[in-house]
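See below for the structure under consideration.
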Amino acid sequence: MKTAYAVIFMSILVVFLFTAITTLHPMGYPGHTEMDDYFIKNAQIEVGANNVVTSIVFDYRGFDTLGEATVLFTAVISVVALLRGVKKDEE
Amino acid sequence: MKSDMSTIVKTVTDFLFGFIIIFGIYIIIHGHLTPGGGFQGGAVVASGFALLFVAFARTFLDKKPQQLYGLFESVGLLIFISLAFLGIYRTFFYNFLANSGGLFGMKITQGINPGYFNTAGVVPLMNMAVGFEVACGLSLIVYLLYRGVIEEGEDGE
Amino acid sequence: MNSYLAYFTALLLIIMGIYAVIFKRNLIKIVIGVSLMESGVNLFLVALGYRQGGIAPIYTMAPRGHQMVLPTPQALTLTSIVIGLATTALMLTLSILLYKHYKTLDPTKIRGLMK
């Protein structure tokens, strides 16, 4: 019974994703590119970096990177806490 | 179970470790000019440390380096947040060094150029801080997971 | 049809990941399924920002006369990769802890309160 539910759920998901993909713009011809064109045009003058992706990651979207670094830090702290506790327990 | 790998692996690790670390540092400090950056270069450096842990398990599993790695990781994150706060007189994450003429402040015009290292303001410094953090954090994760699995193997024997 | 190929590859990866998460009875395989889903989402994001004949958005020694692909999806994909790595590490740690406690990786056998 559980397997039947899972199969039904997966088929609904496949149909949904398939219709979603076929209604997208074809690959290689994105629709609205005003923001990215601004970044490509002005990143060298405003930030000075040749690498536009880096200037987005560390300058235009700095908050995003701050959250990303915090998530990584939290994951490392969690791994340390979990595995260290087991070590002490066994000794 | 807690033993080193064969002589071949150890010799190759001796030879390759420096090159992997140098390559990772190159990716980190040229993050504003070439593909790469702090996260990618940090992952490369961490892969070098992972090779070291696997090849010399006997040496490193007794050393308990997690406090050092944790300290360096926190220092990297703190440097990153401090650099973001230094531009607080305009906005948070304000790039106060770009186009200033000083450190990393060379002005460039829009267009294709061969790549000047002294550009991009705080972006290279942030790359270094984040690279430091990611290298130490990933090394710590790899070390702890490896030690956990090894201890499980010992337990099962 | 050819221009939709990357989207279909992403769909295939996501479906494979969901299949592994739902039907597999091993925690390591479930973690692999989640990683497959992340790969599919990353591929989908990068494919959304592709421009026909575009080059990477980096001005160092770039060839002249080409358009550049959109940089924002690539930056977001970088964020997604790092967060996926963090979640994978956390899931593997929890798998190790569960195996140490219950001596099995089968989630259907873990359900009870056996010690």
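Restricting to region B:54-67, give me the number of residues that are in a helix (DSSP H, G or I) and under 15 Å from B:Ile8 (Cα atoms). Show your work before the answer.
Going residue by residue through region B:54-67, those that are in a helix (DSSP H, G or I) are B:54-55, B:57-61, B:66-67.
Now drop any that are not under 15 Å from B:Ile8 (Cα atoms), which leaves B:54-55, B:57.
Going through region B:54-67 one residue at a time, the tally reaches 3.
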- Query: What is the residue count in region C:57-93 for residues that are aliphatic (A, V, I, L, M) and within 7 Å of chain A (Cβ to nearest Cβ)?
  - Reply: 10
- Task: For region B:102-124, name all the residues that are open to solvent by less than 50 Å² (accessible area, probe 1.4 Å), within 20 Å of the chain's Cα centre (by Cα) and more than 7 Å from chain A (Cβ to nearest Cβ).
- Result: B:Val122, B:Pro124
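Have a look at B:Gly115, B:Gly101, B:Gly70 and point out the one that is of a type outside the set (A, V, I, L, M) and outside any loop (DSSP other than H, G, I, E, B).
Values: B:Gly115 fails: outside any loop (DSSP other than H, G, I, E, B); B:Gly101 fails: outside any loop (DSSP other than H, G, I, E, B).
Answer to the check: B:Gly70.
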- Query: Has region B:12-33 got at least one residue that is over 20 Å from A:Val47 (Cα atoms), facing chain A (nearest Cβ under 8 Å) and in contact (Cβ under 8 Å) with a residue 40 or more places away in the chain?
  - Reply: no
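The values are calculated or read from the model by the stated rules, or taken from the named source; none is laboratory data. It should be emphasised that the depicted structure is a prediction, and the values quoted were computed from it without experimental measurement. Positions of Cβ are generated from backbone atoms using ideal geometry, with glycine treated the same way; all protein chains shown enter the neighbour counts. To get the accessible areas, we keep the full protein, side chains included, count just its heavy atoms, and leave off ligands, DNA and RNA. Shrake-Rupley method; radii C 1.70, N 1.55, O 1.52, S 1.80 Å.
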